[in-house]
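Structure first, commentary second.
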Amino acid sequence: MTAPNDNGRYDRKTLVTAALLLVGFGALVYFLPPLMLMLGGNNRWIAGAVLAAVLVLPFAGLWLRGRYRRKRD
């Protein structure tokens with residue numbers, strides 16, 4: 001998130017973005033078990049790769065955000 005404003009609060013854009021990311025990742029995790037069962041019927045390795053990708057996704061996003069902010073500052 002961006003740094004707080006002078007009054008110690010985050011701006012509306014930051015809060016809306018954080019809420020959308022939280023809801024989106026929550027929906028992805030909610031639908032992950034049926035997706036893995038569907039893929040696991042064909043190939044267990046594909047289901048494992050999907051799980052690994054979902055677990056790495058937040059860390060990759062934070063890493064990319066950090067790179068962007070370092071270049072910007």
Legend entry - Kirkwood Rh and Cα Rg combined as Rg/Rh, the chain: 1.15
Legend entry - Mean residue ellipticity (222 nm) of the chain, computed from DSSP H runs ≥ 4 via -39,500 (n - 2.57), nearest 500: -26500 deg cm²/dmol
Inset, instruction - Give me the distance between the Cα centres of the range 6-47 and the range 51-66, rounded to whole Å. - result: 11 Å
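No lab work stands behind these numbers, since they all come straight from the coordinates. The shown structure was predicted, so the numbers you read here are calculated from the model rather than taken from an experiment.
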